[in-house]
Amino acid sequence: MGRLLLLARLVVGDIKRRRLQSGLLLAMIAATTATLTLALALHGVTNDPFARTRAATRGPDVSGLFEPGFHGNAGTLAQFVALRRARGVVGASGPYPVTRIELSWRGAHVRTHAEGRDTDRSAIDRPLLTAGRWTAPGGVVIERSFADALGLHIGDTVSLNGRRFAVRGIAVTSAVATSDPLIWLTERDLIALAGEHPSLWYALNLKLADPAGAPAFANAHAGGPDTAWALESWQAVRADDSQTIFDEQQLLEVGSALLVLISIAGIAVLVGGRMAEQTRRVGLLKAVGATPGGIAVVLLAENVLLALAGTVVGVATGWLLAPVITQPGASLLGSAGSPALAPGSVVLAVGVAIAVATAATIGPALRGARTSTIRALNDPARPPQRRPRLIALSSHLGGAGLLAVRLIARRPRRTLLGIVSVTIAVATVIATLIERHAPVLGMRVAGNVLAASRQTSLDHVGNVLSAILLAVAAVNLVFATWATVLDARRPTALARALGATPNQVTTGLAGAQLAPALIAAILGIPAGLVVFAVAGGNPLRANPPVLWLIAVIPATLIAVAALTAIPARIGAERPVAEVLRSE
Amino acid sequence: MHEKTSVLSAQGLRKEYGKGAALVRAVDDVSLDVAPGESVAIVGPSGCGKSTLLYLLGGLERPSAGTLALEGRQLEQMPETGLARLRRHALGFVFQAFHLVDELTALENIELPALLAGSAPRAARERARELLDQVGLEDRAEHLPSALSGGQRQRVAIARALANAPLVVLADEPTGNLDSTATTEVLRLFGQLHAGGQTLVVVTHDERIAATADRLITMRDGRFVGETKLAGGTARGLTEMAGLEG
């Protein structure tokens, strides 16, 4: 009990002493777990609203569309309608006439799937009005996600095949997937709009005794490849409605994987810095009788505690944010609400956070614990590494270049972590640029406003992710520079005593970040293509402007220079005498 | 009057830390003129302000008051960049803690000031080898500081201080971390430098090294409290006196 109390006191005391570092570590873990939680929470996020909509609209188990000439020509309308009496069917509505009608509104021209319905009171598939009233001559009812995508409201006047119609109502249905813009008209208006030689199709809705067997029923009655009709089970409609969420989920999974990587890099630098500062504390603890194991536990506990706190913040944030970026779409009733978070998902998020913190801590913690007491009390600087080739190369680079390369050479691990971090940030930017040019969904087809709406939703998720990744990368960079400044305070003070100017030292410190950033910017271009491919895009089809991609390299260097300039300048202006006297 | 013949001149130099009741005068109204080729030793107890004075003379700290000139150029108002450039060519530092770069070999440490001053790498390397020979460590060129004894490290540090042939070498307790044998090595080296006409200002509390100087200044509580001219003290003579001849 006493030991636990001591452990808690040591941990809390140290966290309080290094509030900024602790806060940054917590924020980094929170960002990672929030994204991971979002990705995990999206599994099946549309199930609930779809079921609600299906119940409220008496959704069919199988919906069929008789489309001679589109699917095939085999089979007659009578045979299609006879499906009402097929084995297992317990209820039906339709056939309703259907045709393609061009809806025009404020410059947008959309080919819609128009259904003739004089009443919404059918036994099966009873569209639910969420605003306004049902169809009447000269009036049209618009499916809600379509109305949202176009910005249509009750009372607006749209043009259908050149004729003006008033928007009378807005409704939802679970009979058809929302990838098709859907409207309802009176049968008479529909036939009138279809023209003198109407090519009418027919929609039929079926209720089965065994709803779960709907896919099998649809398969069994779909006929051959030439059949004039297509049947779709309610499960297929649900899957189609989930597609947007699926794409977002895929994007979030890629994003959280990248965030985990970038966080490991950042946390390793942070924890490494914390550990380096704790050498004397380790010596003191040993001097008063703490065992190496006990010290390792103290150091580990501190970071694991921060990881747990970060996870709580991250899981809560992810859970609260989920509905914001994963609206199931207006095609379904209600919003998704805060999606149910399975215990497994929480455990996974916690596990990832603790694994990241532990992986970054364990090495330095064990090293710290094994350090001899006297050595630890003397608080020696971590011995730098010697890279003879880089040292020889740096001799030819003049003052600032010499300092930069030698700073890189003495801490290769930190340099590598910096490269990883910036590569991920650059890859994110590249993937985003490519995506703008060749959307993942590949659906920016003129007139397909629903697809565009889905793409916008996806872009939104992508932007949020990119912003988080870039913010974390920026924090990493500033912290890595600061760690370099602290670590190099003696060599840089010495360099100034030997004649290096403050500008040379500033440039050297910033250059120690810029040179790896150049490598990272170059690596980031192919890495961005990989990220784009993993997120569901086709890089071969993307064909982004080469100039854009090349421009990312100088842009990265400018961003890195801007982010590192201030900590580097502060480092260069430290009083030389003070540093040299303290060593 | 002094400035015309002095290579280094300080007049009314003062350095203060803190404010109000916590004000500390580390260096208080100190005046000093160092002639070319002269060796000056500043002695005094720990905390009397010797090291602070040395850092002021080297432009590593700014004085709170007073004037400071190196070869007639005023240092106290000189921008940091100007001071850095001046340090490259006019000043060499030797520290008690050596301050060698851990990951650089002896040779690489010695050539560092020349490289920072913009010398060609080959020229810097040749000069470093000459200096390494001069300090008797030609067989330790590729050794890292961790593989050198204390005395050897300080000899490398002295060689580094000479890399750009400075007007003045400023040494802060150069034997403070050394045993007797290593102290002898360093004393010999300072004796050689002095004999070669190198201007030296050495801060020390080691009487043996102080005795090698042309002039001995005693410092207490930030002030000069005594000055003694020594008649031609040489490293050899004094090491013999101190019984360190080995």
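Hey, any hits in segment B:100-111 for a residue that's of a type outside the set (G, A, S) and farther than 19 Å from B:V135 by Cβ? For segment B:100-111, residues of a type outside the set (G, A, S) and farther than 19 Å from B:V135 by Cβ: present.
Here's the yes/no breakdown for (1) in a loop (DSSP other than H, G, I, E, B); (2) modelled with pLDDT under 80; (3) surrounded by fewer than 24 Cβ atoms within 10 Å (Cβ to Cβ):
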{"position": "A:A296", "(1), (2), (3)": "no, yes, yes"}
{"position": "A:E302", "(1), (2), (3)": "no, no, no"}
{"position": "A:L308", "(1), (2), (3)": "no, no, yes"}
{"position": "A:G314", "(1), (2), (3)": "no, no, no"}
{"position": "A:Q327", "(1), (2), (3)": "yes, yes, yes"}
{"position": "A:A330", "(1), (2), (3)": "yes, yes, yes"}
{"position": "A:A340", "(1), (2), (3)": "yes, yes, yes"}
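Annotation for segment A:132-140: at least one member residue is at pLDDT 90 or above and within 38 Å of the chain's Cα centre (by Cα).
Only a single criterion out of (1) within 29 Å of B:A10 (Cα to Cα); (2) surrounded by fewer than 20 Cβ atoms within 10 Å (Cβ to Cβ); (3) in contact with a helix residue (DSSP H, G or I) (Cβ under 8 Å, 6 or more places away or on another chain) is not satisfied by B:G118, namely (1). If you take the residues of segment A:180-199 that are crowded, with 17+ Cβ neighbours inside 10 Å and within 27 Å of A:A86 (Cβ to Cβ), which of them is modelled with the highest pLDDT? My answer is A:W184. From the list B:H89, B:H143, B:H99, the one residue that fits, being crowded, with 20+ Cβ neighbours inside 10 Å, within 14 Å of chain A (Cβ to nearest Cβ) and not small (G, A, S), is B:H99. Apart from one condition, B:L53 fits all of (1) part of a strand (DSSP E or B); (2) closer than 26 Å to B:L193 by Cα; (3) not polar (S, T, N, Q); the exception is (1).
Considering only segment B:152-182, state which residues are among the small types (G, A, S) and out of contact with any strand residue (DSSP E or B) (no Cβ under 6 Å at 6 or more places or on another chain). The answer is B:A159, B:A163, B:A165, B:G176, B:S180, B:A182. Among the residues making up segment A:564-576, those that are facing chain B (nearest Cβ under 10 Å), surrounded by 14 or more Cβ atoms within 10 Å (Cβ to Cβ) and touching a residue at least 12 places away in the same chain (Cβ under 8 Å) are A:A572, A:V576. Applying the condition of being more than 7 Å from chain B (Cβ to nearest Cβ) and farther than 11 Å from B:L104 by Cβ to segment A:393-403 and asking which residue is surrounded by the fewest Cβ atoms within 10 Å (Cβ to Cβ) yields A:L393.
Within segment A:482-490, can one find any residue that is over 27 Å from B:G59 (Cα atoms), within 28 Å of the chain's Cα centre (by Cα) and not hydroxyl-bearing (S, T, Y)?
As a first pass, look at segment A:482-490 and keep what is over 27 Å from B:G59 (Cα atoms): A:483.
Subsequent filtering for residues that are within 28 Å of the chain's Cα centre (by Cα) retains none.
Within segment A:482-490 (the criterion being over 27 Å from B:G59 (Cα atoms), within 28 Å of the chain's Cα centre (by Cα) and not hydroxyl-bearing (S, T, Y)), the answer is no, since none of the residues qualifies.
Pairs meeting the criteria (first residue in segment B:28-54 and under 19 Å from B:L70 (Cβ atoms), second residue among the aromatic types (F, W, Y), beta carbons under 6 Å, at least 6 apart or on different chains) are B:V30/B:F224. Output the residue which, of all residues in segment A:35-51 that are farther than 13 Å from A:W234 by Cα and more than 20 Å from the chain's Cα centre (by Cα), is modelled with the highest pLDDT. Checked segment A:35-51; the qualifying residue modelled with the highest pLDDT is A:P49.
Restricting the search to segment B:121-135, which residues are of a type in the set (D, E, K, R) and surrounded by fewer than 17 Cβ atoms within 10 Å (Cβ to Cβ)?
Let us first name the residues in segment B:121-135 that are of a type in the set (D, E, K, R), namely B:122, B:125-127, B:129-130, B:133.
Answer for segment B:121-135, where residues must be of a type in the set (D, E, K, R) and surrounded by fewer than 17 Cβ atoms within 10 Å (Cβ to Cβ): B:R122, B:E126, B:R129, B:E130, B:D133.
For segment B:41-72, enumerate the residues that are more than 14 Å from chain A (Cβ to nearest Cβ) and touching a Leu at 6+ places or on another chain (Cβ under 7 Å).
Step one: of segment B:41-72, the residues more than 14 Å from chain A (Cβ to nearest Cβ) are B:41-45, B:48, B:65-69, B:71-72.
Selection gives B:A41, B:I42, B:V43, B:G66, B:L68, B:A69, B:E71.
Here A:A551, A:A555 are screened, and the one residue that is assigned to a helix (DSSP H, G or I) and within 28 Å of A:L403 (Cβ to Cβ) is A:A555. Only one of the numbered conditions (1) on the phi > 0 side of the Ramachandran plot; (2) touching a residue at least 60 places away in the same chain (Cβ under 8 Å); (3) surrounded by fewer than 21 Cβ atoms within 10 Å (Cβ to Cβ) is violated by A:G151, and that is (2).
I'd like to check something: does segment B:160-170 contain any residue that is in contact with a Ser or Thr (Cβ under 9 Å, 6 or more places away or on another chain), touching a residue at least 12 places away in the same chain (Cβ under 8 Å) and not in a loop (DSSP other than H, G, I, E, B)?
Taking segment B:160-170 first, the residues in contact with a Ser or Thr (Cβ under 9 Å, 6 or more places away or on another chain) are B:163-164, B:166-169.
Restricting the remaining residues to those that are touching a residue at least 12 places away in the same chain (Cβ under 8 Å) gives B:163-164, B:166-169.
Those still in the list that are not in a loop (DSSP other than H, G, I, E, B) too: B:168-169.
Yes: segment B:160-170 contains one or more residues that are in contact with a Ser or Thr (Cβ under 9 Å, 6 or more places away or on another chain), touching a residue at least 12 places away in the same chain (Cβ under 8 Å) and not in a loop (DSSP other than H, G, I, E, B).
Please state which one of A:G91, A:G75 is modelled with pLDDT under 85 and surrounded by fewer than 21 Cβ atoms within 10 Å (Cβ to Cβ). Can you show your working first?
Values: A:G91 fails: modelled with pLDDT under 85.
That would be A:G75, the only listed residue that is modelled with pLDDT under 85 and surrounded by fewer than 21 Cβ atoms within 10 Å (Cβ to Cβ).
Per the conditions (1) facing chain A (nearest Cβ under 8 Å); (2) outside any loop (DSSP other than H, G, I, E, B), the sole criterion not satisfied by B:G118 is (2). Of the residues A:V560, A:V485, A:V579, A:V505, which is buried (at least 21 other Cβ atoms within 10 Å of the Cβ), in contact (Cβ under 8 Å) with a residue 24 or more places away in the chain, assigned to a helix (DSSP H, G or I) and within 14 Å of chain B (Cβ to nearest Cβ)? Among A:V560, A:V485, A:V579, A:V505, only A:V505 is buried (at least 21 other Cβ atoms within 10 Å of the Cβ), in contact (Cβ under 8 Å) with a residue 24 or more places away in the chain, assigned to a helix (DSSP H, G or I) and within 14 Å of chain B (Cβ to nearest Cβ).
The single condition among (1) surrounded by fewer than 15 Cβ atoms within 10 Å (Cβ to Cβ); (2) under 15 Å from the mean Cα position of the chain (by Cα) that B:D29 does not satisfy is (2). Output yes when any residue across segment B:14-35 is under 30 Å from A:A409 (Cβ atoms), modelled with pLDDT of 90 or more and within 12 Å of another protein chain (Cβ to nearest Cβ), and no when none is. Scanning segment B:14-35 turns up no residue that is under 30 Å from A:A409 (Cβ atoms), modelled with pLDDT of 90 or more and within 12 Å of another protein chain (Cβ to nearest Cβ).
The values are calculated or read from the model by the stated rules, or taken from the named source; none is laboratory data. Note that this is a predicted model, so its numbers are computed, not measured. Cβ coordinates were reconstructed from backbone atoms using ideal geometry, including for glycine residues, and neighbour counts include every protein chain displayed.
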